[in-house]
Amino acid sequence: MSRQSAPGSSPPETRREVVTETLHGVDVDDPYRWLEGDDDAVREWVDAQNDHVDAALDDDLRERLRPRFEDLVEVADYGPIAVRGGRYFATVREPGADHARLVVRDAPDDDDTVLVDPNAWAANRDEDAPPRSMAWYVPSHDGERVAVGVTEGGDENYDVRVLSVPDPSDERSSLEPSDDDGYGAGVEEVAVLPERGRVNAGSLAWEADGEGFVYVATGGAADGAQMDKEIRRFRLAEGPDAESVLLEHDDQHVWPRVTVDPDSGLLAVAFSEMVGGTEWYVRVDGELRPVLTDTDAETSVRFHDGTAFVSTDHGAPRRRLLACSVDRFREGDLSFEECREVLPEGEGILRSAVPTPERLLVHRQRDAHSRLSVHDRDGTHLRDVSLPAYCSVTWVSGNRDAPEAFFGVTGFDRPPAVRGLDLSGEAGDGSADSTPIDSVGIDSVDIDAPDDLVVEQRFVDSTDDAEVPVFVCYREEAEVDGPRPTLLYGYGGFRNSVTPSFGRFRLPFLADGGAFAAVCARGGYEYGEPWHEAGMLAEKQHTFDDFVAAGEALRESGLTDADHLAVAGGSNGGLSVGAVVTQRPDLWAAAQCAVPLLDMLRFHRFLLGESWTTEYGHPESPEAFEYLRAYSPYHNVDPDATHPPVYFTTAASDTRVHPSHARKMTARLQTEVDGGPFLLRTKSATGHGVGKPTSMVVDEQTDSWAFLYEQLGIEVGDD
């Protein structure tokens, strides 16, 4: 029987069947191993948990919050711009649409010509069929074709569809797609490659002639083959034998990437662990020739106009940019020392350097917020780009054939916007304080940021003398009687940096007096590879220390208190939430834990888990087993401690993190500890987060915020 005190209803009964394993001489009990399955009993338990969520959440709160989120979702969203062959490709989600369309323009600010409209797929699908969505696209170098990744149910097992791109001036082109296939007028489906696994935009590269591409295919999740990888070549003009396998790759810890120089046709292949070094090869005369190998450095390569630009942390923890000729890169056996240094390591992290015919647009992050600058191709600084304070540049792209570039920018007080830059201007005196370039707006989200929003960056002391950045934002004029309800978000892993973001669905919470904080925990990349390494493997506890330090500092500052502080995170961030809830249950008034890893002694046995052992360590290693067991949330639930309410979310079709993590943790908390409520919402027809329609997003936001409003005692204000 559950020991939690849940309003509305008691949680469903969960049978306890203890499985005991002896791991490295230690007996480990697992009372809910049966919830790892996919049989009728598990499905009935999941359905009962969903019913429990519906009974436990306050219906009045949900009804009052839902219209606010419905309003916030009814705005346009704009994706990155990709320029190919003088055409400008982008994704645009119109207000009221569930999915973004893929469009092409003749100029950045021209009217859209629709290529793909997934909303038509949704309108025409059978009721019982999983929803279909488009997750990515890659145009050919000449802009005449585009490959798109289509998934059903968000399972990230993609069909690759190859489409023709009509001339934007062709009268057949239309703003409206065809009703039956979701393609714009004049768009033809050239080829379909079904079920190619986890292929994505970063692992598909068009060949120079635009008549084919090279890509990385994997097996599917259903047969446990997601980490079986092949590099394949597909040609449009070769009939049924158009596809060939260039390389089979079965190392579960290494993922290939491919890129093609559109000028010379050179195919380069990178092999990297998810968080390790990168080895580069080129394919010459049917064989892979080593270029940059035997290195622990993380390295990326861009080809442009006869130059290979190499961004690396070799000898530079915050990264630097090197260069050599494409001909030298093709020869192989290249050393970093042979390359000329274009951009030396600086105070900020070098995130990207995008080449155009005469310029480089350089993005750096310092203390987790962005700087942009324009340089000659030899690295000479010309000028800075004016940006708002505490902003994030979310992506950068350039025109290979013209002096223009584009970027996305956002911030806690700044809705996402797409901006363009003319890079053709001269340098003036070339000094560091030369006149900034004003970027030109192209598209922006039609939401007004509150005028009274305060944005701060604080630094808190954590373990091992680390100073950890924490962003804090709140509305200065919001009426609050006492400490502010505060939500602390973080991630802390896999080199992912936490940077300023707008978060439209936070606006009602901020208007009702809440504060939002984001911690840049170790394990991310806010200060380069040393910051990442300080929160991985045996040092992973530092990540959780940083969350705790941030929470304590927020309370000590007087912003909030023990009754009004919540913590949230997803995926690896869900692991962080699970760890800090079990280690410091007294610190939090509530927690949100989305698609989490929580059983760190068995994570490697499911889906992509084996590939994450380079980040976390391998449970089959005696040394790693000790530190994993020490923090694994599922194995460190204290039955004598009162735990805060936790709202878990997962997805039945998640092919990254197995839903059993959330299931087993929910069962343990509901059955073994005081506190709560402990709720688990499982979504069907979706996965780890790909391809969700806006209707599902509204449902999720309504439920998660209703949970927080109730647990933190927030009154819903009037709009």
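The values are calculated or read from the model by the stated rules, or taken from the named source; none is laboratory data. Remember, it's a predicted structure, so these values are computed and weren't measured experimentally. Please note: Cβ atoms are built from the backbone with ideal geometry, for glycine as well, and neighbour counts cover all protein chains shown.
What to note about this one:
- Cβ-Cβ contacts under 9 Å between residues 6 or more apart (or on different chains), taken from a first residue in the range 403-425 that is more than 21 Å from residue 88 (Cα to Cα) to a second residue that is part of a strand (DSSP E or B) and among the charged types (D, E, K, R), are listed as 425/383.
- For the range 331-362, the set of residues classified as under 27 Å from residue 290 (Cβ atoms) and touching a Pro at 6+ places or on another chain (Cβ under 7 Å) consists of 332, 333, listed by residue number.
- Residue match in the range 665-682 (condition: out of contact with any Leu (no Cβ under 6 Å at 6 or more places or on another chain), free of Cβ contacts under 8 Å to residues at least 12 places away in the same chain and not aliphatic (A, V, I, L, M)): no
- Residue in the range 229-239 that is at pLDDT below 90 and either in contact with a Ser or Thr (Cβ under 7 Å, 6 or more places away or on another chain) or part of a strand (DSSP E or B) (or both) present: yes
- Any hit, the range 263-270, residues being of a type in the set (Gly, Ala, Ser), touching a helix residue (DSSP H, G or I) at 6+ places or on another chain (Cβ under 7 Å) and surrounded by 14 or more Cβ atoms within 10 Å (Cβ to Cβ): yes
- Boolean, residue 386 is surrounded by fewer than 21 Cβ atoms within 10 Å (Cβ to Cβ), among the polar types (S, T, N, Q) and farther than 17 Å from residue 322 by Cβ: yes
- Output for the range 71-90, where each listed residue is of a type in the set (Val, Ile, Thr) and either surrounded by fewer than 20 Cβ atoms within 10 Å (Cβ to Cβ) or not in a strand (DSSP E or B) (or both): 73, 75, 81
- Here the condition is being touching a Lys or Arg at 6+ places or on another chain (Cβ under 7 Å), farther than 17 Å from residue 525 by Cα and either of a type outside the set (Lys, Arg) or part of a strand (DSSP E or B) (or both); of 372, 382, 360, it holds for 360 alone.
- Qualifying residue in the range 309-322 (condition: touching a residue at least 24 places away in the same chain (Cβ under 8 Å), among the β-branched types (Val, Ile, Thr) and surrounded by fewer than 21 Cβ atoms within 10 Å (Cβ to Cβ)): no
- Residue in the range 528-549 that is over 19 Å from the mean Cα position of the chain (by Cα), outside any loop (DSSP other than H, G, I, E, B) and of a type in the set (S, T, N, Q) present: yes
- Scanning the range 456-494 for residues that are within 21 Å of the chain's Cα centre (by Cα) and among the β-branched types (Val, Ile, Thr) turns up just one, 470.
- Leading residue by the ranking (farthest from the chain's Cα centre (by Cα)) among those in the range 289-309 that are farther than 23 Å from residue 354 by Cα and modelled with pLDDT of 95 or more: 289
- Condition met for residue 553 (in contact with a strand residue (DSSP E or B) (Cβ under 6 Å, 6 or more places away or on another chain), over 29 Å from residue 272 (Cα atoms) and crowded, with 23+ Cβ neighbours inside 10 Å): no
- Across the range 1-21, the qualifying residues are those that are polar (S, T, N, Q) and at pLDDT 50 or above, and the one among them that is farthest from residue 50 (Cα to Cα) is 20.
- The range 20-70 - residue that is assigned by TED's automatic domain parsing to the domain that holds residue 624 and assigned to a loop (DSSP other than H, G, I, E, B) and, of those, surrounded by the fewest Cβ atoms within 10 Å (Cβ to Cβ): 58
- Here the condition is being modelled with pLDDT of 95 or more, part of a strand (DSSP E or B) and not acidic (Asp, Glu); of 217, 205, it holds for 205 alone.
- Failed item, numbered, when residue 315 is tested on (1) in contact with a strand residue (DSSP E or B) (Cβ under 9 Å, 6 or more places away or on another chain); (2) under 25 Å from residue 522 (Cα atoms): (1)
- Filtering the range 91-102 to residues that are crowded, with 23+ Cβ neighbours inside 10 Å and part of a strand (DSSP E or B) leaves 101, 102.
- Pairs, first more than 24 Å from residue 97 (Cβ to Cβ) and free of Cβ contacts under 8 Å to residues at least 60 places away in the same chain in the range 182-196, second in a strand (DSSP E or B) and among the polar types (S, T, N, Q), C-beta under 8 Å, six or more apart: 190/164; 196/218
- Residue match in the range 584-597 (condition: touching a Leu at 6+ places or on another chain (Cβ under 8 Å) and assigned to a helix (DSSP H, G or I)): yes
- Within the range 645-654, restricting attention to residues that are surrounded by fewer than 24 Cβ atoms within 10 Å (Cβ to Cβ) and out of contact with any Gly (no Cβ under 6 Å at 6 or more places or on another chain), the residue that is modelled with the highest pLDDT is 649.
- Set 358, 345, 404: member being closer than 17 Å to residue 82 by Cβ and either outside the structural domain of residue 297 (by TED's automatic domain parsing) or at pLDDT 95 or above (or both): 404
- Residue 511 being closer than 26 Å to residue 710 by Cβ and in contact with a Leu (Cβ under 8 Å, 6 or more places away or on another chain): no
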